[in-house]
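To keep things clear, I will list the structure first and then write my remarks on it.
The values are calculated or read from the model by the stated rules, or taken from the named source; none is laboratory data. These numbers were taken from a predicted model, which means no experiment stands behind them. Here Cβ is always computed from backbone atoms with ideal geometry, including for glycine, and neighbour counts include all displayed protein chains. For the accessible areas, the whole protein counts, side chains as well, though only heavy atoms, and no ligand, DNA or RNA atoms are used. Shrake-Rupley method; radii C 1.70, N 1.55, O 1.52, S 1.80 Å.
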Amino acid sequence: MNNPSGDPTPRTIEQVRQAIAALREVFEAKFSGYDKAIDLIGESANRQPTPGTVDERLTALKEIVEIRFHELDVRTNALALSNKNSIDLALQAAKEAAAKSENAFNKQIDAISAQLSQAVSSLETRINDTKERLTIIEAGGQGSKQSYGVMVTIATLGIAFIGMAAVVISKVAS
């Protein structure tokens, strides 16, 4: 079959047939999809709930929601009570710790006060001894050398008193 005008060659005819077959497959797939869609719509229409079933479902849903809210309220109240108890216990423990700390601080101050009183008493004794010696020296008419010795002793005692006061103050500060 030679066709002098070049009108449809066997190859062209084959390509047209393939195109038609491909179009047929596309249309069949579309129609099949439409059929399935129509079937699904029909099933969906058959499954549409009636007003009575909607009311029943809403009532059941409302009951479930109310139960859930009640359970949530119970849990929230229990949690709040638990938190209140925990806070109360923590505050009580803090009060007890503060009381213990205050007692320890008071004991420390009392101990430092006792040490300071003892140091002051000791210094008073030394000062009185020094006064007596000074009186004896002055009464005995001994010279200025002895008076100088007494003054050095008094100065030494004064420095010792200042040193002890500094130690006590540093303990109080720490």
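Structure above, values below:
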| quantity | calculated |
| --- | --- |
| Portion, in percent, of the accessible area of the chain that falls on carbon or sulfur, probe 1.4 Å | 61 |
| GNM top mover of Gly33, Gly149, Gly52 - the chain, alpha-carbon springs below 10 Å | Gly33 |
| Heavy atoms of Ser113 accessible to a 1.4 Å probe, total area in Å² rounded to 10 | 60 |
| Lysine pairs within the chain, Cα separation less than 21 Å, 8 or more sequence positions apart or different chains | 5 |
| Spin-label pair Gln92/Ile13, simplified geometry with 7 Å Cα→Cβ offset, distance in nm | 10.6 |
| Probe 1.4 Å, protein heavy atoms only - accessible area per residue of the chain in square angstrom | 85 |
| Full-stretch length increase - Ser113, Leu72 - with 0.36 nm per residue and alpha-carbon distance subtracted | 8.7 nm |
| Of (i) -1.06, -1.18, -1.21; (ii) -0.77, -1.16, -1.31; (iii) -0.94, -1.13, -1.19, the label for log10 I(q)/I(0) by the Debye sum over Cα atoms at q = 0.15, 0.18, 0.19 Å⁻¹ derived from the coordinates | (i) |
| Relative intensity, log₁₀ I(q)/I(0), of the range 17-96 from a Debye sum that treats every alpha carbon as a point, q = 0.27 Å⁻¹ | -1.11 |
